[in-house]
Amino acid sequence: MAQAPIQFDRASGALQGANLWERTAALALVTGSKISSHFSHRGYNGCANLLRKALPQRNIAIKLNSDATFAFPYGDGYWSKLLNRTFSYEDELDLLFLDSADVDYTLLDCGANYGYWSVLVSSKPFGSHKAIAIEPSGQNFPKLANNAKINGNRFETMKCAIGAARGIARLSGTKHEAFSIAGDQAGGEEVPVIALDNLLDDGRVAASGKFLIKLDVEGVEIEAMKGGVRLMQGDSVLLCEEHGNDPRHTVSRYILEQTPLKLIVYDPRSNRLETLTDLSILDRIKVSTHVGYNVFGTASAFWLARIDALNAKAGRSVQ
């Protein structure tokens with residue numbers, strides 16, 4: 001029988017159910033995150049995963065807010081940064097999701113991994129929104145399903161990849177946060193693929209709805225956009241990963257030059273979501289080659305007005 005998960009409350013810092021060695025490991029994980037944060041957490045994942053090998057196989061359940069619990073294997077290199085209470089995950093998404101708490105929208109969480117954003121967006125402080133968490137990996141999906149279960153099954157889960165059209169693909173990779181169907185995969189896991197617009201065809205969502213569409217699909221962002229033309233014509237915002245190691249800014253270039261969407265990026269210098277007409281600002285923003293940066297694309301007058309209002313609030317807050 002599996003051990004009960006360790007419990008950690010991000011608000012209070014309380015760690016419960018951990019033995020002495022697991023508490024010592026937590027201290028090391030937090031210290032490592034604080035030190036490595038000065039250079040975009042380079043090396044942290046590898047060190048944490050090494051430490052994990054010395055820990056018993058056990059989950060940790062992190063209370064993200066009063067209505068959101070997120071579980072993952074204790075010592076996981078990608079998610080253990082959450083033990084550091086000063087660490088903030090994907091600030092620009094957090095900003096938009098919190099500001100949109102009063103909007104009746106659905107989150108399409110593509111490449112959901114263990115479901116972090118689906119857990120949060122479906123929680124009361126974020127507006128208790130409908131979310132569909134889509135994850136192709138047979139390794140990741142049970143952890144995603146577990147996070148849906150421990151949060152009252154309040155969001156839907158789908159085991160498939162997102163691409164340009166329905167089909168079958170091969171999923172491979174060595175890191176759970178970076179599994180991909182991109183390229184010619186000889187081995188790997190066979191997974192079903194759907195297009196974003198198939199969610200309309202299959203009656204899972206309605207064209208008249210409002211959507212925030214998170215595309216964390218590891219190199220298949222452009223194919224995913226090609227399969228979501230009808231969704232993008234409506235009240236939708238694409239939240240796409242722009243890879244730090246891509247000096248050509250391929251995803252942003254495609255949005256800007258090949259779609260009718262406005263391209264928007266969070267600029268930490270101005271604390272605003274800036275609408276771009278050229279890509280030069282990304283040379284300054286993408287300071288680390290080993291991390292991803294989120295860019296937004298939308299043709300929706302509704303969402304553009306919301307982003308303008310959010311910028312106005314940000315401007316007032318710094319005065």
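Values quoted throughout were computed directly from the atomic coordinates according to the rules given, and no laboratory measurement underlies them. Remember, it's a predicted structure, so these values are computed and weren't measured experimentally. Please note: Cβ atoms are built from the backbone with ideal geometry, for glycine as well, and neighbour counts cover all protein chains shown.
Miscellaneous remarks
- Compactness of the range 38-141 as Cα Rg over 2.2 N^0.38 Å, two decimals: 1.15
- Förster-model FRET efficiency, 22 Å R0, Thr275 and Leu95, C-beta, rounded to 0.05: 0.90
- Kyte-Doolittle mean at least 0.5, axial Cα span of 15 Å or more - DSSP H helices of the chain: 20-36
- 3J(HN,Hα) couplings calculated from phi for the range 240-249 with the Karplus curve 6.51 cos²θ - 1.76 cosθ + 1.60 (θ = phi - 60°) are, in sequence order, 10, 7, 9, 6, x, 8, 10, x, 8, 6 Hz; Gly and Pro show x.
- Arg23-Asn245 FRET efficiency (beta carbon distance; Förster radius 35 Å; 0.05 resolution): 0.45
- Take the Cα of Asn65, step 7 Å toward its Cβ, do the same at Ala314, and the gap between the two points is 1.9 nm.
- Share of Cα-Cα pairs in the range 8-96 lying beyond 15 Å, as whole percent: 58 percent
- As an equivalent ellipsoid, the chain spans semi-axes of 30, 23, 20 angstrom, where each value is the square root of five times an eigenvalue of the C-alpha gyration tensor, largest first.
- Cross-link pairs exceeding 22 Å in C-alpha to C-alpha distance, out of Lys175/Lys214; Lys124/Lys175; Lys262/Lys286; Lys63/Lys210; Lys81/Lys130; Lys124/Lys149, comprise Lys124/Lys175; Lys63/Lys210; Lys81/Lys130.
- By average C-beta atoms within 10 angstrom, highest first, the peptides 263-275, 33-45, 134-146: 134-146, 263-275, 33-45
- Amide H to amide H distances under 5 Å link Ala161 with Val193, Ile194, where only residues 5 or more positions off or on other chains count and H is placed in the peptide plane.
- Alpha carbon centroid spacing (whole Å) that separates the range 47-93 from the range 109-188: 17 Å
- Over all orientations, the range 183-236 has a Cα convex hull whose mean projected area works out to 4.3 square nanometres.
- The range 138-271: proportion of alpha-carbon pairs further apart than 17 angstrom, %: 65 percent
- For the range 103-114, 3J(HN,Hα) per residue [Karplus equation, 6.51 cos²θ - 1.76 cosθ + 1.60, θ = phi - 60°, Hz, x = Gly/Pro]: 8, 7, 10, 10, 8, 9, 9, 8, x, 5, 6, 8
- Once the Cα-Cα distance is subtracted from the 0.36 nm per residue extended length, the Ala54 to Ile150 segment shows a gain of 31.9 nm.
- With the convex hull of the Cα atoms taken as the outline of the range 80-132, the averaged projected area works out to 3.9 nm².
- Taken over the range 108-156, the percentage of Cα pairs per 5 Å bin, counting from 0 up to the bin with the maximum distance, is 5, 27, 35, 23, 8, 2, 0.
- In the range 1-60, Cα pairs under 8 Å separated by at least six residues give a relative contact order of 41 percent.
- Value of relative contact order over the chain, rounded to a whole percent, pairs C-alpha under 8 Å and six or more apart: 12 percent
- Listed by chain and number, the aspartates and glutamates whose alpha-carbon sits under 20 Å from that of Lys313, ignoring those within fewer than 8 places in the same chain, are Glu90, Asp91, Glu92, Asp94, Asp99, Asp102, Asp267, Glu274.
- Computed [θ] at 222 nm, helices only, for the chain once each DSSP H run of length n ≥ 4 contributes -39500 (n - 2.57): -9000 deg cm²/dmol
- Within the range 86-106, backbone nitrogen closer than 19 Å to the virtual label 7 Å beyond the Cα of Ser37 toward Cβ: 86-95
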